[in-house]
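The values are calculated or read from the model by the stated rules, or taken from the named source; none is laboratory data. For clarity, every value in this text was computed on a predicted model and none was experimentally measured. FYI the Cβ positions are ideal-geometry reconstructions off the backbone, even for glycines, and counts take in every protein chain you see. In case anyone asks, the SASA skips ligands and DNA or RNA and just uses the protein heavy atoms, side chains included. Shrake-Rupley method; radii C 1.70, N 1.55, O 1.52, S 1.80 Å.
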Amino acid sequence: MPEIPKSFHMSPEDFRANADQVLEWITAYQKRVEALPVMSQVKPGEIRAKFPTSAPQKGEPFADVLRDLDAKIMPGITHWQSPNFYAYFPSNNSNASILGDLLSSGIGVQGMLWATSPACTELETVVLDWLVEMLGLPSSFLTTGKGGGVIQDTASSATLSALLAARERATSGGSNEEGCDRSLTCYTSSHAHSSLEKNVKIAGLGRKNLRLIEADENFAMRPDALRRAIEADLAAGKKPFFVMATVGTTSSNALDPLSAIGTICREFGLWFHVDSAMAGTATLCPEFRYIQQGVELADSYVFNPHKWMFTNFDCSVFYVADRTALINAFSIMPEYLRNQGTATGEVFDYRDWHVQLGRRFRSLKLWAVIRHYGVEGLQHHIRRHVELAQQFLAWVKADSRFEVMAPAPLNLVCFRLKGDDAANEALMNRLNQSGKIYLTHTKLNGKFTLRMCIGQSQTEERHVRTAWELISRG
Ligand code: PLP
């Protein structure tokens, strides 16, 4: 009989040696990423076909894993951290965040309850309270009062939480016991992110009960149209309960007027949720805080450090002005989760603030980012991105073959070649297939529009200049 080893675990010595290799790999990747084709050029199924259909029976050296990473996986990577990445909204990162994330993996905490690691809960509370001040958000979001923040995986999940908390408040908990009231209606702009529509499906509210409110010429929600829709629903015996406004829509970075919308919400007693997924990060800089004027009227708010705040995916920050409805919507107490910490009533159990039970120690990377950059460092890089986008905007405006399709208050420029959609789509495909830059599109006023979003950590003026040279060459 062959001898069976006592343990198959990686020894501390091997871990150390492999970790050195991994860090070396990441550092080398960061140096070469600029030269790699930004958008992966593989065909569907090409990566999968390189792998065996069954898992290995015998363990393999980690060096073989790294070798296959290079040979089989990297060709199928779209390089989100390339300085030439301008697609969608960014998902930038930083070395401080990578290290924080590594520490979180190393400590391996599952922080569902305060009791399962008090520091995991309490650091999250500290960092999210810091962010309220850093972003100029209302003090109602602080945990020192009735509100508070929690880290979620994504803005989609945070908005689902807002929707469920709003329903909880509107039905005084009735939806928990009786199921969903089909007369509840909710409202957002026709330019809002599709995650609300998805959440309405998930929550069982019925897509028929979601009103997509008309936008104005700048693609921002029209408060007068919102009021008319609410009044029409009330007249028809419906129960309006939730409004979502967006600060920086995905298509064009449009800014819904929060003050006017929030005032309507107060008048009709509706929950007011603000989705500031990417643009929220800009409010680190006082000069950009005008974009969220009226946020003090919000019942809840979300922004994603994993988009523009140098914190690697995933990390979405969600605030409520009053945590009661949120916790009532989510809390459930099986015997096996009872513990002395919860029983004191003096702790937060963040499992009661969102859908999932188990949770990672995400605040560690956010804390690492804030401590590394400081507020000033973060402001510096955000300002730089906005300056670069404004420079790009100036180049587009100065070229009579192109037209600008939407206001560009921050780091997104929406533009197109004057001409038909086919020419614009062909231009985008040519650029993306060249591998030199990557950008994506939307439709504005029915026209195919290119989106240039500047937010990668390593993007400098020379990259943006090259991008414009490539674009303007046609
Ligand atoms: N809201 C807005 C305005 C967005 O732009 C996005 C994604 O780009 C989302 C929500 C969804 O973000 P997440 O991937 O965190 O769910």
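Points worth noting:
- Normalised by residue number, the volume inside the convex hull of the Cα atoms of the stretch 341-415 is 169 Å³ per residue.
- Shape category assigned to the stretch 35-78 from the gyration tensor of Cα positions, a/c cut at 1.5: oblate
- With contacts taken as Cα pairs under 8 Å at a separation of at least 6 residues, the stretch 378-473 carries a relative contact order of 28 percent.
- For Lys6, the aspartates and glutamates whose Cα falls under 17 Å of its own Cα, not counting residues fewer than eight places away in the same chain, are Asp14, Glu60.
- What the Cα atoms of the stretch 260-316 give is an Rg and a Dmax of 12.8, 39 Å.
- Here is the list for the stretch 345-392: GluC sites (Glu not before Pro) lying in DSSP coil, each with at most 15 other C-beta atoms within 10 angstrom of its C-beta, are Glu346.
- Applying the criteria of a DSSP loop state and at most 13 other Cβ atoms within 10 Å to the chymotrypsin sites (Phe, Trp or Tyr not before Pro) of the stretch 1-52 yields Phe8.
- About its Cα centre, the dipole of the stretch 108-361 is roughly 560 debye, where the only charges are +1 on Lys and Arg Cβ and -1 on Asp and Glu Cβ.
- Directionally averaged shadow of the stretch 207-324, computed from the convex hull of its alpha-carbon atoms, nm²: 8.4 nm²
- Using a probe radius of 1.4 angstrom, the carbon and sulfur fraction of the accessible surface of the chain is 54%.
- Extent along the principal axes, Cα only, for the stretch 18-157: 55, 39, 29 Å, with the longest axis given first.
- Relative to its Kirkwood radius, the Cα radius of gyration of the stretch 378-473 gives an Rg/Rh of 0.95.
- Stokes-Einstein translational diffusion, the chain - Kirkwood Rh over all Cα pairs, 0.890 mPa s, 25 °C, in µm²/s: 101 µm²/s
- Percent antiparallel among DSSP beta bridges (both partners in the chain, rounded to 5): 55 percent
- Percent antiparallel among DSSP beta bridges (both partners in the stretch 108-361, rounded to 5): 40 percent
- Reach of Lys239 by Cα under 30 Å, taken over lysines that are not fewer than 8 positions away in the same chain: Lys146, Lys198, Lys201, Lys208
- As a length-normalised measure over Cα pairs under 8 Å and 6 or more apart, the relative contact order of the chain settles at 23 percent.
- Mean sequence separation of contacting Cα pairs (under 8 Å, at least six apart), scaled by the length of the stretch 108-361, corresponds to a relative contact order of 28 percent.
- Cα gyration tensor category, rounded, prolate or oblate, for the stretch 108-361 with a/c compared to 1.5: oblate
- Karplus-based coupling profile of the stretch 380-393, in residue order and whole Hz: 4, 6, 5, 4, 4, 4, 5, 4, 5, 5, 5, 5, 4, 4, with θ = phi - 60° in 6.51 cos²θ - 1.76 cosθ + 1.60 and x standing for Gly or Pro.
- Fraction in percent of alpha-carbon pairs per bin - 5 Å, the stretch 380-429: 5, 21, 24, 21, 16, 8, 3, 1
- Remark: the stretch 1-88 projects, on average over all directions, an area of 8.3 nm² (convex hull of Cα atoms).
- Estimated [θ] at 222 nm from DSSP helical runs (n ≥ 4, -39500 (n - 2.57)) normalised by residues in the chain, nearest 500: -12500 deg cm²/dmol
- Electrostatic dipole magnitude of the chain [Cβ: Lys, Arg +1; Asp, Glu -1; Cα centre; debye, to 20]: 1100 debye
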